[in-house]
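Below is one structure; the comments refer to it alone.
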Amino acid sequence: MNFLQYSTFFGISVSLVAYFFGLQLKKRFKSALVNPLLISIVVVIALLSIFKIPFAVYDHAARYISFFLTPATICLAIPLYEKYETLRNNALAILAGILSGVISSMFNILVMAFVFGFSHREYVTFLPKSITTAIGMGISEEVGGYIPITVIAIIITGVVGNVMAEGFLKVMHITDPIAKGVAIGTSSHAIGTSKAMEMGEVEGALSSLSIIVSGLLTVIAAPLFAQLVLH
């Protein structure tokens, strides 16, 4: 029996142990920079590199963990339902916040394209950086971007949002839970939403809603922004 046959147990075990290790460091140091997700990514990469384990072997098992993404996403509907009155009473402000977040994100990429001289393909690759991976990959493919780089940009955006969101909101003196949730969900998708849920129920619910709405708005806006850089 070769190593690949044991890879299911190996991959799942490495992932869970790495994340548990990150959680323990988080409890020990209590710093936003000590992020369990970021630590687990670094640990897994280090182990695969040190022991010369092909990524395909690890990914063979990791797909079972990915299976739980769908039910986990569906579960985000629960806090939305529980905060329905809050959503209804602030619908216009919430929509305006999400829309401004989507537009500002892509406008920043447009500015970077001119400053750094991006080609059209490089430019459109980064347009969907702030939305969930499944939608972002589809948009990147549609507008002609580099899909693997889009995925990396989305992951980095989410991790940075998860690590920095709480501290940044404090610096900017943003205290309203609705504003916090909209800002986090619109800018750093599901990875950021995990931080929003730690902050409170309203933050988590609004961040969950923002993931969906910002994804839909980006589907509409990205092809339009893609026409602004043609070289």
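Suppose we filter the range 213-231 for residues that are more than 12 Å from the chain's Cα centre (by Cα), part of a helix (DSSP H, G or I) and of a type outside the set (S, T, N, Q); how many remain?
Final tally of qualifying residues: 11.
Looking at the structure I just gave you, is Ser194 open to solvent by less than 30 Å² (accessible area, probe 1.4 Å) and either of a type in the set (Gly, Ala, Ser) or in contact with a Cys (Cβ under 8 Å, 6 or more places away or on another chain) (or both)?
Details: open to solvent by less than 30 Å² (accessible area, probe 1.4 Å): no; either of a type in the set (Gly, Ala, Ser) or in contact with a Cys (Cβ under 8 Å, 6 or more places away or on another chain) (or both): yes.
Answer is no for this residue.
For a quick check of your reading: which helices (runs of 4 or more DSSP H) sit entirely within the range 31-106 and have at least 1 residues that are open to solvent by less than 50 Å² (accessible area, probe 1.4 Å) and of a type in the set (Gly, Ala, Ser)?
Working: elements: 36-50, 55-66, 69-75, 77-82, 84-89.
Because the criterion is at least 1 residues that are open to solvent by less than 50 Å² (accessible area, probe 1.4 Å) and of a type in the set (Gly, Ala, Ser), the helices (runs of 4 or more DSSP H) in the range 31-106 that meet it are 36-50, 55-66.
Please work out which one of (1) over 26 Å from Val42 (Cα atoms); (2) within 18 Å of the chain's Cα centre (by Cα); (3) open to solvent by 70 Å² or more (accessible area, probe 1.4 Å); (4) of a type in the set (D, E, K, R) is the condition Lys180 fails and give its number.
Condition not satisfied by Lys180: (3).
Filter the range 179-215 down to residues that are of a type in the set (D, E, K, R) and either touching a Pro at 6+ places or on another chain (Cβ under 7 Å) or within 20 Å of Leu92 (Cβ to Cβ) (or both), then give me how many there are.
Number of matching residues: 3.
The values are calculated or read from the model by the stated rules, or taken from the named source; none is laboratory data. Bear in mind the structure is a predicted one, so any value in this text is a computation, not a measurement. Here Cβ is always computed from backbone atoms with ideal geometry, including for glycine, and neighbour counts include all displayed protein chains. Side chains included, ligands, DNA and RNA excluded: accessible areas come from the protein's heavy atoms. Shrake-Rupley method; radii C 1.70, N 1.55, O 1.52, S 1.80 Å.
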